[in-house]
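Data first, discussion second: the structure below is written as C-alpha cells.
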Amino acid sequence: MYIPAPYKNENISNVKRFIEQNSFGILVNTIEGKPWATHIPLELDVDSDGKDILVGHIAKANPQWKYFSEDAQVLCIFNGPHSYISSSWYKEEEVPTWNYIAVHIYGTLKVLNEAEVLASMHKLVDKYEKGSKNPISLHNMSDKTMRQIKGVVGFQITIEDIQATRKLSQGREHDHPKIIEELQERSDAGSKAIADQMKD
C-alpha cells in the first residue's frame with residue numbers, strides 16, 4: 001500500500017490494538033489470475049513459538065480455499081474509521097481530502113485441521129460473547145449443531161509484513177481544533193471516530 005511518510009504507523013503495539021478492535025477484515029488471494037476477496041473475522045493470535053499470526057475460517061462453499069497455497073502470499077486488509085475532510089475547515093486555501101486508518105498484512109497461509117479450527121472457533125465466540133446479555137458457549141451446543149464445523153476451512157496466516165497508515169491531517173496541526181470541531185458536529189460515526197483519533 002502506498003503510505004506517505006507522515007502517515008506511516010510503525011508503532012506495533014498500536015497496530016496490534018487496531019487489528020484487535022477492527023478484526024473484521026478482508027482476505028485476498030488469487031484465483032486463476034484474478035484477485036479474490038472475502039470479508040471475515042481475522043483474529044490476531046500467537047503461534048506455539050510466540051510469533052504473531054492471524055486466524056480465520058471460510059465456508060467450504062467459497063472456492064477461495066481451493067487456491068490456498070503455503071508458498072503463496074495472501075493479503076489481509078483491516079479498515080478503521082474514515083471521514084471526508086472539507087478544506088473549508090482550513091485557515092488557508094487547499095483541496096479537500098480524506099482521513100482514515102488502515103492496515104495491510106501480508107503473509108503465508110496454512111490450513112488448520114478440524115481440532116485446530118474448533119479451538120479457534122471457541123476463542124472467537126468467547127471473545128465476542130463477552131459483551132452479550134446472555135452469552136452462549138460452543139461447549140453447550142449439540143453435536144448436531146457443531147457438525148457445521150465440517151462445512152468450513154480454517155487457516156492461520158504467518159505475518160511477514162505489516163503496512164499501517166494513520167492519515168489524520170498531519171502537517172495541518174494548526175487546523176486541528178477546527179477540523180475536530182467540525183467532525184464532532186457531523187452525524188456519522190466515522191467522522192466522530194476520526195475526531196477522537198485526532199484528539200489522541
- How large is ³J(HN,Hα), in whole Hz, for each residue of the range 193-199 in order, when computed from phi with the Karplus curve 6.51 cos²θ - 1.76 cosθ + 1.60 and θ = phi - 60°, using x for Gly and Pro? 5, 5, 4, 4, 5, 5, 5
- Rounded tilt (10° steps) of 176-185 against the dominant C-alpha axis of the chain: 60
- Message: What are the ³J(HN,Hα) couplings of the range 128-139, residue after residue, when phi is run through the Karplus curve with 6.51, -1.76, 1.60 and θ = phi - 60°? Round to Hz, x for glycine and proline.
- Response: 8, 7, 3, x, 7, 5, 10, x, 9, 9, 5, 4
- How many nm separate the modelled label positions at Asn62 and Asn134, each set 7 Å beyond the Cα in the direction of the Cβ? 3.0
- Given (1) -0.57, -1.19, -1.34; (2) -0.73, -1.14, -1.21; (3) -0.89, -1.22, -1.25 as candidate values of log10 I(q)/I(0) by the Debye sum over Cα atoms at q = 0.12, 0.17, 0.18 Å⁻¹, which corresponds to the one derived from the coordinates? (2)
- Which peptide among 138-149, 90-101 comes first, and what is the full order, when sorted by highest mean count of other Cβ atoms within 10 Å? 90-101, 138-149
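Based on Cβ point charges of +1 for Lys and Arg and -1 for Asp and Glu, what charge dipole magnitude is obtained for the range 1-128 about its Cα centre, in debye rounded to the nearest 20?
200
Could you tell me which of rounded, prolate or oblate describes the range 54-136, using a ≥ b ≥ c as the square roots of the eigenvalues of the alpha-carbon gyration tensor, with rounded for a/c under 1.5 and, failing that, prolate when a/b is larger than b/c and oblate otherwise? Could the numbers behind the result be given before it?
Numbers: a/c = 3.86, a/b = 1.73, b/c = 2.22.
It comes out oblate by the Cα gyration axes.
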- Query: Which of Ser83, Ile19, Pro63 sits closest to the plus end of the dipole of the range 5-172, meaning its Cα is farthest towards the positive end, when Lys and Arg get +1 and Asp and Glu get -1 on the C-beta?
  - Reply: Ser83
- Using modelled backbone amide H atoms (1.01 Å from N, in-plane), which distant-in-sequence or interchain residues come within less than 5 Å of Ile159's amide H? Leu54
- Task: Would you order Phe155, Phe18 from fewest to most other beta-carbon atoms within 10 Å of each residue's own beta-carbon?
- Result: Phe18, Phe155
- Item | ³J(HN,Hα) computed for each position of the range 50-62 - Karplus, 6.51 cos²θ - 1.76 cosθ + 1.60, integer Hz, glycine/proline x | x, 8, 5, 9, 10, 10, x, 8, 10, 5, 5, 5, 7
- Note on the structure: Once the dipole of the range 88-200 is set up from charges on Cβ (+1 Lys and Arg, -1 Asp and Glu), the residue from the list Pro96, Met146, Ile162 lying farthest towards its positive end is Met146
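Taking square-rooted eigenvalues a ≥ b ≥ c of the alpha carbon gyration tensor, is the range 130-200 rounded, prolate or oblate, where a/c under 1.5 means rounded and, failing that, a/b exceeding b/c means prolate? Don't skip to the end; give the middle numbers.
Numbers: a/c = 4.62, a/b = 2.08, b/c = 2.22.
The shape class here is oblate.
Computed from the coordinates by the stated procedures, all read-outs in this text should not be read as laboratory data. Quick caveat, the model's predicted, so the values are computed rather than measured. Methodologically, a virtual Cβ is constructed for each residue, glycine included, from the backbone with ideal geometry; neighbour enumeration extends over all protein chains shown.
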